[in-house]
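Colleague: Have a look at this one before I ask anything.
The values are calculated or read from the model by the stated rules, or taken from the named source; none is laboratory data. Computed from a prediction, not measured in an experiment: that's the story for all the values here. Neighbour counts are summed over all protein chains in view; Cβ atoms, including those assigned to glycine, are modelled from backbone coordinates with ideal geometry. These accessible areas exclude ligands, DNA and RNA; they are computed on the full protein's heavy atoms, side chains included. Shrake-Rupley method; radii C 1.70, N 1.55, O 1.52, S 1.80 Å.
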Amino acid sequence: MKKPLSLLLVEDNEDDALLLVNHFRRAGYELRWQRVATQDELCTQLDAGPWDLILSDYRLPGFSGDAALATVKQRGLDVPFMLISGIVDDQTASAAMRAGARDYLSKDRLDRLIPAVERELDEARIRQEHHAAIEAAEHHESQIAAIASNIPGMVFQLQLAHDDTVRLDYAGEGAITLFGVDPSSLIDEPDKILEAILPEDREDFRDTLRRSAQRQSTLNWEGRIRVPGGDMKWINVRGSTLEQIHSETRWAGVMLNVTHSKQWQEELSASRGQLAELSSHLQRIKEEERERIARDIHDVLGGLLIGIKIEVSLLAGKLGGERKLTDRVQRIAVMLDEAISTSSRVARELRPGILKEFGLAAAIESYAEDFSQRMRIPCRVLCADHDVSASEDTEVAIFRIFQEALTNVSKHARANTVEVRLMQEGDEIVLQVADDGVGIASIDFAKPRSFGLRGMRERVAGLGGSIEIRSQPGMGTELVLRAPITARETPAA
């Protein structure tokens, strides 16, 4: 394939110009060419360009190669300019090349023409690619700077040297808002970035940098800084690792002011703590009220029912042979027995005395037996650790959760059997309640009025424990409760 070339000849002799054109064509070039002989003609053709190469005779009538070169230079054109003449001494040629001519050729030695031209064309292409790369880099940098100026924080490039020295290679304009100093100040004075971090947080910052460098992982750190004027801020430093150079790791990322977010978290945590305290207080009040009601049922109502039964028995002994009256008295006695049994059961459910007297294991076994008799659903306690002993609040909370679990089984599970395990693992009490019922669909967990499940979670959270409910439709349900033997407070309560 022929190589295209735009050639401008500064030549007064048309025959010499045609000789050069033919030389290029024999070398395989497809030419677009023009000949000029005066400065005005040169200026016109330079404006009509672009040109890949300019070949100029040195001496022309009323014009010269030096003047042609000066005209090209004045216009700031980066076009290879070569002198070609029959009579030029070395001194003149050297001066022309110092002025900007790329080469000097003799019309008597045109064998050097094509190699010299190809060399200059290659160098011109390299220069153009270099200038294009510089312009692209400058454009890219301007785009990055524009983006960085609109990020709500400080864009940075940070470096950790092998001697644990921390320095910023780049800091965006956000440094003024975040640190209260000019970006150049943070770059020129490497110690400023560490000095701004509170002393109690500096080592944690260094440790986070070391771990990120060692694992080549994302840098993510939150800590406090002190800015000029004494104000304290929380900042989040997040960045990606760049290449390591001489054992020095570099990150590029952004530092954000998260002070307001931290304040909201603290307020939310305090609010949750207050709600947990309120919930715990309400549970204690509820337990006290249940104990009072249970005591009244047992002592007052139970006593009255027993007294009535005694009176009915005495009355039955004085009826003689009155068959109808005797039968009626017996029916009253049966109803009194049921009332006494019911009041006793309600009192136990409100506040089982066996829990206080004999402990959690005995209370669970007793309630499981009552549940089996009342609901006609076998409830087997397979593993009851009778040595389990915890604080009163913990035992009461676990027992109430157990009650709620069996209530859910009776209402929703349609189960045939229930299995219960109570054991101690380390410093935790573990309660498992499993049924073979219809299970719980995932949508049921999200129901807004699932107060039973929500109450279980709140109770166990107040103890600093956890509760897990495993279930699939048609596969039954298993509740696993873990609670510390001594109730502890947790921030997540």
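Colleague: Which residue, of Ala363, Ala347, Ala397, is more than 48 Å from the chain's Cα centre (by Cα), touching a residue at least 12 places away in the same chain (Cβ under 8 Å) and crowded, with 20+ Cβ neighbours inside 10 Å? Explain how you work it out, then say what you get.
Modeller: Working: Ala363 fails: more than 48 Å from the chain's Cα centre (by Cα); Ala397 fails: more than 48 Å from the chain's Cα centre (by Cα).
Only one candidate qualifies: Ala347.
Colleague: Filtering region 375-391 down to residues that are open to solvent by less than 50 Å² (accessible area, probe 1.4 Å) and in a strand (DSSP E or B), which residue is farthest from Gln432 (Cα to Cα)? Working first, answer last.
Modeller: Going residue by residue through region 375-391, those that are open to solvent by less than 50 Å² (accessible area, probe 1.4 Å) are 377, 379, 381, 384-385, 388, 390-391.
From what's left, in a strand (DSSP E or B): 379, 381, 384.
Details: Cys379: 12, Val381: 10, Ala384: 11 Å.
Result: Cys379.
Colleague: Any idea how many residues of region 1-38 are more than 22 Å from Thr71 (Cβ to Cβ) and among the small types (Gly, Ala, Ser)?
Modeller: Counting residues in region 1-38 that are more than 22 Å from Thr71 (Cβ to Cβ) and among the small types (Gly, Ala, Ser) gives 2.
Colleague: Filtering region 20-69 down to residues that are touching a residue at least 40 places away in the same chain (Cβ under 8 Å) and in a helix (DSSP H, G or I), which residue is most open to solvent (accessible area, probe 1.4 Å)? Talk me through it step by step, then tell me what you get.
Modeller: Our first condition is that a residue be touching a residue at least 40 places away in the same chain (Cβ under 8 Å); within region 20-69, this holds for 20, 23-24, 27, 49-57, 60-61, 63, 65, 68.
With the extra rule that they be in a helix (DSSP H, G or I), the set shrinks to 20, 23-24, 65, 68.
On the way: Leu20: 9, His23: 43, Phe24: 0, Gly65: 1, Ala68: 0 Å².
By that ranking, first place goes to His23.
Colleague: For residues that are surrounded by fewer than 17 Cβ atoms within 10 Å (Cβ to Cβ) and over 16 Å from Phe156 (Cβ atoms), tally how many sit in region 229-271.
Modeller: The number of residues fulfilling the criteria is 22.
Colleague: So if I check each of Ile398, Ile354, which one is among the β-branched types (Val, Ile, Thr) and modelled with pLDDT under 80? Before the answer, list the steps.
Modeller: Working: Ile398 fails: modelled with pLDDT under 80.
After ruling out the rest, the residue left standing is Ile354.
Colleague: Hey, could you check region 246-259 for residues that are of a type outside the set (Gly, Ala, Ser) and more than 18 Å from the chain's Cα centre (by Cα) and say which is farthest from Gln214 (Cα to Cα)? Give the steps one after another, and end with the answer.
Modeller: Narrowing region 246-259 to residues of a type outside the set (Gly, Ala, Ser): 246, 248-251, 254-259.
Next, from what is left, pick out any that are more than 18 Å from the chain's Cα centre (by Cα): 246, 248-250.
Numbers: His246: 14, Glu248: 11, Thr249: 9, Arg250: 12 Å.
Checking each candidate, the answer is His246.
Colleague: Shifting gears a bit: Kindly list, by first and then second residue, each pair from a residue in region 253-277 that is of a type in the set (A, V, I, L, M) and at pLDDT below 85 to a residue that is assigned to a helix (DSSP H, G or I) and surrounded by fewer than 15 Cβ atoms within 10 Å (Cβ to Cβ), limited to pairs with Cβ atoms under 8 Å and residues at least 6 apart or on different chains.
Modeller: Pairs that qualify, where the first residue is of a type in the set (A, V, I, L, M) and at pLDDT below 85 and the partner is assigned to a helix (DSSP H, G or I) and surrounded by fewer than 15 Cβ atoms within 10 Å (Cβ to Cβ): there are none.
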